[in-house]
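Chemist: Could you have a look at this structure, given as structure tokens, before my questions?
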Amino acid sequence: VSRSVSRLEERLGVRLFVRTTRQIGLTAAGQRYMEQCRSALSLLTEAEREVTGQQAEPAGKLRISLPTPYAHHRVLPLLGEFRQR
């Protein structure tokens, strides 16, 4: 891992970590790089979900079969909030 990190730092031309004998931490540049990488990975994951049909948000029709009295008294009052979510 150390060699891979060193190669990455060399390729980027910036130190990503502050290393001591007792601990390791991110530099300011390392923190920014990590945040950008997380954003990029999130976009890739979302793109894969869309392509494979695993959307982050449900879409399409929902059909529910209920007895009419129950639907009128229990379900209909909740539908507005359900649609907003």
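The values are calculated or read from the model by the stated rules, or taken from the named source; none is laboratory data. For clarity, every value in this text was computed on a predicted model and none was experimentally measured. Glycine also receives a Cβ, built like all others from the backbone with ideal geometry; neighbour counts cover every protein chain displayed.
Chemist: Could you count how many residues in region 1-41 are modelled with pLDDT under 95 and within 30 Å of residue 58 (Cβ to Cβ)?
Modeler: Total satisfying the criteria: 0.
Chemist: Here are some conditions: (1) closer than 30 Å to residue 76 by Cα; (2) touching a helix residue (DSSP H, G or I) at 6+ places or on another chain (Cβ under 9 Å). Residue 57 meets all but one. Which one does it not meet?
Modeler: It is condition (2) that residue 57 fails.
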